[in-house]
Amino acid sequence: MFDPTEVPLPFQLRSATIDDFDFAESLTRNNMGGYYQRHHLVWRGDLFLASWRESENFILEEDGRPIGVLRVTEENDSLHIRDVQIAPGYRGRGAGSYLLDICHRWAKERGLRELQLRVFSDNPAARLYRRKGYRLAGPRLAQFGSIRHMARPV
């Protein structure tokens, strides 16, 4: 598998352990809280834990400090990006692009056909996803009108 530490950037990516769960859930809940509130959704820690157990989970660090979370699952011929979460204060510095590029390389190495993700329609990160080649994909069960399903070929 591609070793993301080979990329000369200020970020390091490591596999997460269960000890990282509290950081990952807190960051994700805090980052997504406004979207959940605006779209009348309720955060469910039990569902996040179940998803955590089913995902490949990674912690993004800078100088040994955790600053982000990446969670992916492989589904059929796609790599599904469950979470790209960057802590406030570290956004706009290339961390999100770094994680998306790693996902693309992983999907290519695994012989997968596409990458998929979901994003709230009012999330500014959708602009980054479009710049990285993601486009709106067909209807999905989770697309409540406020959530967009996006995909890009490998």
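The values are calculated or read from the model by the stated rules, or taken from the named source; none is laboratory data. Keep in mind that this is a model prediction, so the values were computed, not measured. With ideal geometry, Cβ positions are generated from the backbone for all residues, glycine too; neighbour counts draw on all protein chains shown.
Quick grid of which residues meet (1) loosely packed, with under 15 Cβ neighbours inside 10 Å; (2) under 11 Å from the mean Cα position of the chain (by Cα):
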{"site": "R65", "(1), (2)": "yes, no"}
{"site": "E74", "(1), (2)": "yes, no"}
{"site": "G96", "(1), (2)": "no, yes"}
{"site": "A107", "(1), (2)": "no, no"}
{"site": "D122", "(1), (2)": "yes, no"}
{"site": "A126", "(1), (2)": "no, no"}
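Here's a check for you: in region 99-127, which residue that is in a helix (DSSP H, G or I) and at pLDDT below 95 is farthest from A24 (Cα to Cα)?
Residues of region 99-127 in a helix (DSSP H, G or I): 99-109, 125-127.
Remaining after also requiring at pLDDT below 95: 125-127.
Values: A125: 18, A126: 21, R127: 23 Å.
Among those that are in a helix (DSSP H, G or I) and at pLDDT below 95, it is R127.
So is R29 farther than 19 Å from I102 by Cα and touching a helix residue (DSSP H, G or I) at 6+ places or on another chain (Cβ under 8 Å) or not? It is true that R29 is farther than 19 Å from I102 by Cα and touching a helix residue (DSSP H, G or I) at 6+ places or on another chain (Cβ under 8 Å). Of everything in region 60-76, what is of a type in the set (G, A, S) and within 21 Å of W106 (Cα to Cα)? Give them in sequence order. Listed by number, the list holds a single entry, G68. Please indicate, with yes or no, whether at least one residue in region 141-154 is free of Cβ contacts under 8 Å to residues at least 60 places away in the same chain and aromatic (F, W, Y). Looking for residues that are free of Cβ contacts under 8 Å to residues at least 60 places away in the same chain and aromatic (F, W, Y), one finds none in region 141-154, hence no. Selection within region 44-87: residues that are at pLDDT 95 or above and part of a loop (DSSP other than H, G, I, E, B). The member of this set that is farthest from H149 (Cα to Cα) is A87. The residue that is surrounded by the most Cβ atoms within 10 Å (Cβ to Cβ), counting only those in region 34-62 that are closer than 15 Å to Q85 by Cβ and of a type in the set (A, V, I, L, M, F, W, C), is L60.
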